[in-house]
Each structure stands twice: as structure tokens, then as C-alpha cells.
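Remarks on the structure that follows.
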Amino acid sequence: MRLLLIEDDLMLGEALQDALTPHNYVVDWVKDGESALKALRRERFEILVLDIGLPGIDGIEVLRIMRREHFEQPVLLLTARDTSTDKVKGLDAGADDYLLKPFDLDELLARLRALSRRAAGRATPTIHHGKLHINPESQKVTYDEQNIILARREYMLLIKLLENTGRVLSREQLEQSLYGWTDDVESNALEVHIHHLRKKIPMELIRTVRGVGYTINKWKENEA
Ligand code: CA
């Protein structure tokens, strides 16, 4: 999942980038509000972690502008001050949740999971598709109760498709979700991941829509 981190504190920014990456977030990091808006207008991010206290345009203003421009990604605000004004202003400006600094990493991860769950329209914490089960907290994938070991990008790709069942996702949409600014991407990388997923999961799952992209059909009981 592609995450835009907007944080001017270098130590915290680096720590967050290091901590989120192993949890299947592709983290791109900017250090001020102007750069955040530029990044949003240029590329498709799926979730934002936004510090309120930024040089130049502050986090609240970034939120107001992005919501006005119809960017609807979930936003988790980081605030250094324990004043309800910031929280209220932030929520009213379009934030979905907030965390007070200093915060616990596990709590940040849990809040991000909750936000992406809601964004995907899912109430349950786990993802089910027939005999395929995924627990986003433990990142454990099973098919018919057998563990399936997926590489990082395979996992991210599977989640992206499962959270958009019934919709065809273009190659570009999938690549934007899987790779950040610092990643070197081979031109056939996506096809390779799809190929591996198809070998690892013993069911007809991912459908190629020629000339358009890839999709996973919505699950119907009679498909079992
Ligand atoms: Ca700050």
C-alpha cells in the first residue's frame, strides 16, 4: 500500500519510514506541505500520515486544500500538542484519525489498518475470499487452512486486488500501489508477481483483462 508521509522532523520521519516498510507500506516521504500537495497531484497515494506542525503550509491547511481538490484518501494526523483545538480543527478539515506525539508504533499500525479497512468498505479485520484468508495484522495468508508464503510485493498486490474485487485495475494503478520513488522497477515486474501469485494460490483467482489490466471477481458462494 502506497503511503505518503508528511513530516518535517527528520529523526521521526526516518524512524517511521523504517518501521512502516516491513508492514507492507511503500512509504514516500516529504518534509513540507507544498511538496505533499505536489506529490498528491502527481501520483496516486492510498493513505497519508500528516504532521500538523510543518514549515510553510501547515498540516491542517494541506488537509483543507487536498479535500477541496477531491483527494479522498484516509488521513491520519500527527499532532505534537495536546490541545483539543488542533484535533477538532484537524477532524473538521477532513482528517480521519489522529495520534498525539510521542506515540506507540503498534498503535500507529493498528490505526492505519483500521483506516484502510474502512476505506475498503470492510468491517471485519480479516479478508476472506472463499478458502483464501488473510490476516492483515499478522500478514498471514492461508488457503484451505494451509499457510501460503508470499513475497512482499506479491502480498501487496494480492491485497490491492482483493480490496477491489469486481473492478479491473490497470497496470499503472497496480504499479503505483506497489512501488515508490526510490524503487527500481523492471518493466515486466508486475507480470512476474502475478505469475508467482497464480502458482502459489491453488485457485483461479486473478483474471487478466486483455488490454486493460487485472481483476479478482467478487466472491460468490457457488464458486466454492
Ligand atoms: Ca513537525
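Read-outs: derived from the displayed coordinates by stated rules, not from any lab. Just so you know, these numbers come straight off a predicted model, no measurement behind them. All Cβ positions, glycine included, derive from the backbone under ideal geometry; neighbour counts span all protein chains shown.
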| note | Which of VAL168, VAL88, VAL49 fluctuates most in a GNM of the chain (C-alpha springs under 10 Å)? That residue is VAL88
| request: Any of LYS38/LYS87; LYS31/LYS218; LYS140/LYS199 with alpha carbons more than 28 Å apart? Name them for me. | output: LYS31/LYS218
| message | Over region 17-68, what is the relative contact order in percent, taking alpha-carbon pairs closer than 8 angstrom and at least six residues apart? | response | 35 percent
| Order of 68-78, 176-186 by packing, highest average Cβ count within 10 Å first? | 68-78, 176-186
| note | Relative contact order of the chain (C-alpha contacts under 8 Å, at least 6 apart) in percent is 17 percent
| note | Computed for region 100-207: size of charge dipole around the Cα centre, +1 on C-beta of each Lys and Arg, -1 on C-beta of each Asp and Glu, debye to nearest 20, value 360 debye
| query | Against the longest principal axis of the chain, how steep is helix 152-162, in degrees 0 to 90 to the nearest 10, with axes from Cα atoms? | reply | 80 degrees
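Please list 137-150, 8-21 highest first by mean number of surrounding beta-carbon atoms within 10 Å per residue. If you can, show how the numbers build up before the last one.
Numbers: 137-150: 13.1, 8-21: 14.9.
For the peptides 137-150, 8-21, the packing ranking is 8-21, 137-150.
Give me the dipole magnitude in Debye, nearest 20, for region 152-224 about the Cα centre, with unit charges on the beta carbon: positive for Lys and Arg, negative for Asp and Glu. If you can, show how the numbers build up before the last one.
Working: 12 positive and 11 negative charges, 55 e Å.
It comes to approximately 260 debye.
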| task | Select from LEU12, HIS133, ALA114 the residue farthest towards the positive end of the dipole of the chain; place +1 on Cβ of Lys and Arg, -1 on Cβ of Asp and Glu, and compute about the Cα centre. | result | HIS133
| request: Could you give the C-alpha radius of gyration of the chain expressed as a fraction of 2.2 N^0.38 Å, taking N as the number of residues it contains? | output: 1.06
| Residue-wise HN-Hα coupling along region 16-29, computed from phi with Karplus coefficients 6.51, -1.76, 1.60 (Hz; x: Gly, Pro) | 5, 4, 5, 7, 7, 4, x, 9, 6, 9, 9, 9, 10, 10
| field | Antiparallel bridge percentage (DSSP; both residues within the chain; nearest 5) | value | 50 percent
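Is there a quick way to get the dipole size of region 1-141? I mean about its Cα centre, with the Cβ of Lys and Arg at +1 and of Asp and Glu at -1; what is the value in debye to the nearest 20?
Working: 20 positive and 24 negative charges, 158 e Å.
The dipole magnitude comes to about 760 debye.
Helix-only estimate, please: 222 nm mean residue ellipticity of the chain, summing -39500 (n - 2.57) across DSSP H runs of length 4 or more and dividing by its residues, to the nearest 500. Spell out each step's value before the answer.
Numbers: 8 runs with 86 residues, N = 224.
Mean residue ellipticity at 222 nm (helix-derived): -11500 deg cm²/dmol.
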